[in-house]
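Worksheet: the structure to be examined is printed underneath.
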Amino acid sequence: MSVQTGLWPVDEPSDPELEAVAALILGADPDGTRFAGAIRRSIDMLLDGQHTGRFRWDQLYKTEKAHLGTLIEINVQREFGFADGASMDYSIAGTDVDCKYSQTLGGWMIPPEALGHLLLVVWASDEDSRWSVGLVRALPERLNNGGNRDAKKTLNAVGRGAVRWLFRDAPLQENMLLRLADADIKAIFSHKSGQRRVDDLFLRAQGRRVSRTVVATVAMQEDYMKRVRYNGGSRSRLQPRGIVILGHYSSHGRIAAALGLPVPGPGESVSARLAAARPHHAGAPRVELGGQEWVLARPDDPEETVPKLPEI
């Protein structure tokens with residue numbers, strides 16, 4: 001699904017400050033890449049997989065979950081260089097803007113001091129790999145009457161309908177570990193050795209983009225990317241089994257595209273088992289490695305050593 005941007009509600013009164021803030025944000029991040037990166041970093045910082053091995057929201061303590069909004073607020077400000085606001089979180093296009101995150105779309109908690117101010121409302125779901133960001137002015141008629149003990153209120157139906165979405169239901173870089181079967185997760189984390197866990201990850205997650213964060217979470221070591229490389233890492237350890245691990249090299253991108261695999265982005269890896277092309281592979285996409293043609297292995301193809309990949 002493509003990113004939807006600049007979605008203005010119909011029949012809402014003009015708000016020049018809101019439109020100026022929206023124009024500045026969309027000008028700085030027209031496709032949402034920067035916002036998505038800030039949100040992804042915030043979630044990963046909270047999980048701290050490299051040191052904890054955690055990768056799911058339900059593995060966090062209640063007190064930790066409450067900090068995600070603060071991390072998103074900080075990382076968005078760092079990403080865009082927004083100045084501090086006079087009374088709210090940011091000053092954007094000369095206007096005070098308060099940043100609010102909710103795990104539930106529409107569930108933003110708005111304090112009394114934000115009344116009348118612009119809100120940058122953020123929602124993200126690691127489970128769904130989606131996120132949304134919009135702007136809305138916190139007006140009394142847009143808020144529910146009830147509040148919590150801190151007098152914070154939520155948007156009512158009118159308020160939720162008044163949100164001017166900058167990015168709606170946009171893709172978040174996938175936390176690939178959430179897509180693996182429970183049996184695969186249990187098997188990967190059963191190994192005491194970080195290297196063996198990374199080996200098993202690439203055996204079980206073939207054809208999927210694996211981020212640096214996922215590798216760090218599985219390895220739980222300071223030199224986690226060393227566990228992927230040749231010279232003792234998974235690339236060389238899985239080579240005799242026909243497994244290649246494609247990275248963010250130009251040549252690897254061409255190999256991935258030729259074989260119909262996802263092309264790794266920055267910091268990503270994609271593994272696949274290859275087999276030397278034989279007559280029964282007729283018509284299968286193929287690449288030349290080491291002077292021989294190779295295809296994606298079928299389940300009944302024997303394991304065989306694959307040539308070392310170029311790293312250019």
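The values are calculated or read from the model by the stated rules, or taken from the named source; none is laboratory data. None of these values were measured; they are calculated from a predicted model. Cβ: placed from backbone, ideal geometry, glycine included. Neighbour counts: every protein chain shown. Accessible surface is based on the protein model in full, side chains and every heavy atom, while ligands, DNA and RNA are left aside. Shrake-Rupley method; radii C 1.70, N 1.55, O 1.52, S 1.80 Å.
The lysines whose alpha-carbon is closer than 25 Å to the alpha-carbon of residue 226, local same-chain residues fewer than 8 away aside, are 186, 192, 308.
Three principal axis extents of the stretch 11-116 based on alpha-carbon atoms, in descending order, are 47, 30, 29 Å. Within the full protein context, the accessible area of residue 165 is estimated at about 20 Å² for a probe radius of 1.4 Å. Computed across the stretch 164-248, the Kirkwood radius stands at 13.7 Å (inverse of mean 1/r, all Cα pairs). Could you please report the charge total around residue 311, scoring K, R as +1 and D, E as -1 over all other residues with beta-carbon less than 12 angstrom from its beta-carbon? For residues surrounding residue 311, the net value is +3.
Accessible surface ranking for 128, 169, 182, 1.4 angstrom probe, highest first: 182, 128, 169. Here the label points at residue 196 and residue 157, each 7 Å from Cα along the C-beta direction, are separated by 5.9 nm in the simple model.
Take each peptide in 28-36, 197-205, count the other Cβ atoms within 10 Å of every residue, and average; sorted highest first, the result is 197-205, 28-36. Taking amide hydrogens as placed 1.01 Å from N in the peptide plane, the amide H of residue 293 sits under 5 Å from those of 277, each at least 5 positions away in sequence or on another chain. Anisotropy class assigned to the stretch 237-282 is oblate, per the alpha carbon gyration tensor with a/c at or over the 1.5 cut-off and a/b no larger than b/c. Averaging the sequence gap over all C-alpha pairs within less than 8 Å and six or more residues apart, then dividing by the number of residues, gives the chain a relative contact order of 15 percent. Taking the C-alpha atoms only, the angle from helix 194-204 to the longest principal axis of the chain is near 90 degrees. Stretching residue 254 away from residue 63 to a fully extended chain increases their span by 64.2 nm, per 0.36 nm per residue minus the current alpha-carbon distance. Once each part is reduced to its C-alpha centroid, what is the distance from the stretch 280-309 to the stretch 27-59 in angstrom? Cα centres, the stretch 280-309 to the stretch 27-59: 36 Å.
Within the full protein context, the accessible area of residue 308 is estimated at about 120 Å² for a probe radius of 1.4 Å.
Here the label points at residue 104 and residue 14, each 7 Å from Cα along the C-beta direction, are separated by 3.7 nm in the simple model.
Classify the stretch 45-93 as rounded, prolate or oblate, taking a ≥ b ≥ c as the square roots of the eigenvalues of its Cα gyration tensor: rounded when a/c is under 1.5, otherwise prolate if a/b is larger than b/c and oblate if not. Cα axes put the stretch 45-93 in the prolate bin.
The GluC sites (Glu not before Pro) of the stretch 49-137 that DSSP puts in a loop, and whose beta carbon has at most 16 other beta carbons within 10 Å, are 127. For the stretch 26-37, backbone phi angles converted through the Karplus equation (6.51, -1.76, 1.60; θ = phi - 60°) give residue-by-residue couplings of 5, x, 7, 8, x, 10, x, 4, 6, 5, 4, x Hz, Gly and Pro being listed as x. How high is the relative contact order of the stretch 175-312, in percent, counting Cα pairs under 8 Å that sit 6 or more residues apart? Relative contact order of the stretch 175-312: 22 percent. Normalised by 2.2 N^0.38 Å, where N is the number of residues, the alpha-carbon radius of gyration of the chain equals 1.20. Each DSSP beta bridge with both residues in the chain is either parallel or antiparallel, and the antiparallel ones are about 85%. Sorted from greatest to least, the principal axis extents spanned by the alpha carbons of the stretch 197-312 come out as 45, 26, 22 Å. Every helix of 4 or more DSSP H residues in the chain counts as -39500 (n - 2.57), and over all residues that averages to -8500 deg cm²/dmol at 222 nm.
For residue 109, the accessible area of its heavy atoms, probed at 1.4 Å with every protein chain present, is near 70 square angstrom.
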